[in-house]
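The values are calculated or read from the model by the stated rules, or taken from the named source; none is laboratory data. The shown structure was predicted, so the numbers you read here are calculated from the model rather than taken from an experiment. Note that each Cβ is placed from the backbone with ideal geometry, even for glycine, and that neighbours are counted across all protein chains shown.
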Amino acid sequence: MKKVMSLLSKLSILGLTTILFGIAVPALAAPAQNGWRMEQTSDEQGVLDTTLTRDSLRIDTEDCTLLILPPNYDMYLYNPKNKRYLQLPIEAFTMHTSKRKETAAKYTLSKCGDADICGVKATKYEATNNLGRKCFEFWATKAFPVPAKLSDACAIFMSFNEMPPGYGLPLRASRLNTHGGRFTHIRTKSIERVHVPPETFAKPKNFLKVSNFVSLRTNGANVPLPPPDALDYMRDPKN
């Protein structure tokens, strides 16, 4: 009997499930699924690895890591190549958000029905300019239970001037030119429910804090702050 009890004890510690002499030893439960992971692509930024929870967002691109964290929802951008980071409060984008509203007012947005994107319901919108030409289209969703600030920050991050705030999280977006060409800003290829450990949103250590996007992308000194609409910080400075 002592040998049987010893065996059961060892199996329980290992987290194995077995039935011995009618006694079940339960396995350890898997971590709860508390977020989503999305694989996305962009003609401008390459591959994006996006992690989302109910109150936090992380986007890893080939060039940087973006974190948006509660309670103030500041935006943190980390450049691993030069070990620099930039912290901006959400209020810093007030002028850019206003500009988006002004820009969006120059377009007519049409709702074009719903679509299934990787198992998530999204609504398609088309933007038509004052010449009557369709120039931008995006698919956005409000299916994720996240604050509006997180959704709007994604559109700011991608520089979607034609997408006003409040439409949800963009899952696809493309710009159309006069010759029929298409530039894909973002395309979601997969969405999966996952367990997101807390360290996913930990701020990297030993990074130098800078005050603007140009300094974030270069190795030079902290240059004067660019205009508020200079948010194309993902582009190569020499281009």
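Taken together, the residues in region 165-189 that are touching a Ser or Thr at 6+ places or on another chain (Cβ under 8 Å) and free of Cβ contacts under 8 Å to residues at least 12 places away in the same chain amount to 1. Taken over region 177-207, residues that are among the aliphatic types (A, V, I, L, M) and touching a helix residue (DSSP H, G or I) at 6+ places or on another chain (Cβ under 9 Å) amount to 1.
Check region 171-184 and report whether any residue there is polar (S, T, N, Q), at pLDDT 90 or above and in contact with a Cys (Cβ under 8 Å, 6 or more places away or on another chain). No, because not a single residue in region 171-184 is polar (S, T, N, Q), at pLDDT 90 or above and in contact with a Cys (Cβ under 8 Å, 6 or more places away or on another chain).
Residues in region 190-222 that are free of Cβ contacts under 8 Å to residues at least 60 places away in the same chain and assigned to a helix (DSSP H, G or I) were compared, and the one that is surrounded by the most Cβ atoms within 10 Å (Cβ to Cβ) is Val214.
Filter region 59-76 down to residues that are in a strand (DSSP E or B) and among the acidic types (Asp, Glu) and give me whichever is nearest to Thr41 (Cα to Cα). Filtering first and then ranking leaves Asp60. Of the numbered criteria (1) modelled with pLDDT of 90 or more; (2) buried (at least 16 other Cβ atoms within 10 Å of the Cβ), the one Tyr107 fails is (1). In region 173-207, the residue that is farthest from the chain's Cα centre (by Cα) out of those that are within 19 Å of Gln45 (Cβ to Cβ) and small (Gly, Ala, Ser) is Gly181. Do the conditions hold for Glu162, that is, is it in contact (Cβ under 8 Å) with a residue 40 or more places away in the chain and under 30 Å from Leu77 (Cβ atoms)? Spelling it out, Glu162 is indeed in contact (Cβ under 8 Å) with a residue 40 or more places away in the chain and under 30 Å from Leu77 (Cβ atoms). A single member of Met5, Met38 is among the aliphatic types (A, V, I, L, M) and modelled with pLDDT under 55, and it is Met5. The set of residues in region 161-174 being buried (at least 18 other Cβ atoms within 10 Å of the Cβ) and in contact with a strand residue (DSSP E or B) (Cβ under 6 Å, 6 or more places away or on another chain) consists of Glu162, Met163, Tyr167, Gly168, Leu169, Pro170, Leu171, Arg172, Ala173.
Screening region 125-142 for residues that are surrounded by fewer than 17 Cβ atoms within 10 Å (Cβ to Cβ) and free of Cβ contacts under 8 Å to residues at least 40 places away in the same chain and picking the one that is nearest to Glu39 (Cα to Cα) gives Lys142. Anything in region 40-69 that is among the aliphatic types (A, V, I, L, M) and surrounded by fewer than 18 Cβ atoms within 10 Å (Cβ to Cβ)? List them, or say none. Across region 40-69, the qualifying residues are Val47, Leu69.
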